[in-house]
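The values are calculated or read from the model by the stated rules, or taken from the named source; none is laboratory data. Since the model is a prediction, treat every value here as computed from it, not as a measurement. Here the Cβ is made from the backbone with ideal geometry for all residues, glycine too, and neighbour counts use every protein chain on show. Surface accessibility is based on the protein's heavy atoms, side chains included, excluding ligands, DNA and RNA. Shrake-Rupley method; radii C 1.70, N 1.55, O 1.52, S 1.80 Å.
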Amino acid sequence: MPHPTGADPRPLTGEPLALDLLNTRWVDAEGPRDLLESENGLAIWLSGEPMREAMGPAAPVAGHATLERLLTARTALEALAASAARHEPATPGATAALNEVLSHGRIRRTLGPDGLPESAVEVDDPSWGPAWHAADNWLHLVADRPDRIRPCANDTCVLHFYDISKNGTRRWCSMAGCGNRAKAQRHYARRTGA
């Protein structure tokens, strides 16, 4: 895997893997940004904690094929997240696109030598590994708490998060960013009577 050059520039990291993949696109003062526009950005994303947790000691394969397959998974996840945000069923096209990614891998369950069950992910080609893991993570999120998958409430923000707050009322990708801007705008509107 190419060594990542530089730190992860994204404003929101550490979300579950599927959402972390969605959050490889963001908007800042310079405009729209995309971490996956280069193989260096791919290397940065692959070295992140969500990917390391998903793949364990198996190092993900970086390269053009991995990047293309991740972009395919991200496109499917974007469509699924948009449907979820509107509280609508997933479109057949988005479902088929995610299922296509999932068709390139499987979980093999066996009984280990110690008598305990073991699971291993097998993919058609190592370059499918990161995309497959992100798609599989989406399945876990929608099986667990689909209502907790949310877009940031800031209309100009494109980031997503998994709300783990006790009462499920998180609205912003981060209070330090979008949350503070919303508070400042409300305060300004009250002071100026706007």
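Do any GluC sites (Glu not before Pro) in the stretch 20-75 lie in a DSSP loop with no more than 16 other beta carbon atoms within 10 Å, and if so, which?
Listed in order of number, the matching sites are 30.
Taking H placed 1.01 Å from N in the peptide plane, check which residues at least 5 places from residue 121 or on another chain put their amide H under 5 Å from its amide H.
Here the answer is 108, since their amide H atoms fall under 5 Å of that of residue 121.
Taking the simple approach of a point 7 Å from Cα along Cα-to-Cβ for both residue 165 and residue 75, what is their distance in nm?
Roughly 3.5 nm, to one decimal.
Give me the net charge for the shell around residue 106: Cβ to Cβ below 11 angstrom, other residues only, Lys and Arg +1, Asp and Glu -1.
Neighbour charge sum, excluding residue 106 itself: -1.
Once you sort the root eigenvalues of the Cα gyration tensor of the stretch 1-160 as a ≥ b ≥ c, which label holds: rounded (a/c under 1.5), prolate (a/b larger than b/c) or oblate (the other case)?
The shape class here is oblate.
Would you work out what percent of the accessible area of the stretch 1-90, with all protein chains in place, is carbon or sulfur (probe 1.4 Å)?
Reported share for carbon and sulfur atoms: 54 percent.
Work out the P(r) tail for the stretch 63-122: percent of alpha carbon pairs separated by more than 18 Å, whole number.
Across the stretch 63-122, Cα pairs with separations above 18 Å total 53 percent.
Given charges of +1 on the Cβ of Lys and Arg and -1 on the Cβ of Asp and Glu, with all other atoms neutral, how large is the dipole of the chain about its Cα centre, in debye to the nearest 20?
That gives a dipole near 1200 debye.
Under the Cβ-under-4.7 Å rule, which cysteines of the chain stay unpaired?
178
Under a 1.4 Å probe, what is the accessible area of the stretch 1-67 per residue, stated in Å²?
49 Å²
How much length is gained if the chain between residue 33 and residue 82 is pulled fully straight, taking 0.36 nm per residue apart and subtracting their Cα-Cα distance, in nm to one decimal?
Between residue 33 and residue 82, full extension yields 15.7 nm more.
For a test of the definition: using alpha carbon positions, the gyration tensor, and the 1.5 limit on a/c, classify the stretch 1-53 as rounded, prolate or oblate.
Note, shape of the stretch 1-53 comes out oblate.
Sort out for me the Cα centre separation of the stretch 55-108 from the stretch 111-158, rounded to whole Å.
Cα centres, the stretch 55-108 to the stretch 111-158: 9 Å.
Under 15 Å from a label point 7 Å along Cα→Cβ of residue 68: give me every residue in the stretch 15-52 with its amide N that close.
39
Under a point spin-label approximation (7 Å from Cα along Cα-to-Cβ), what is the residue 124-residue 91 distance to one decimal in nm?
Computed distance between label sites residue 124 and residue 91 equals 2.3 nm.
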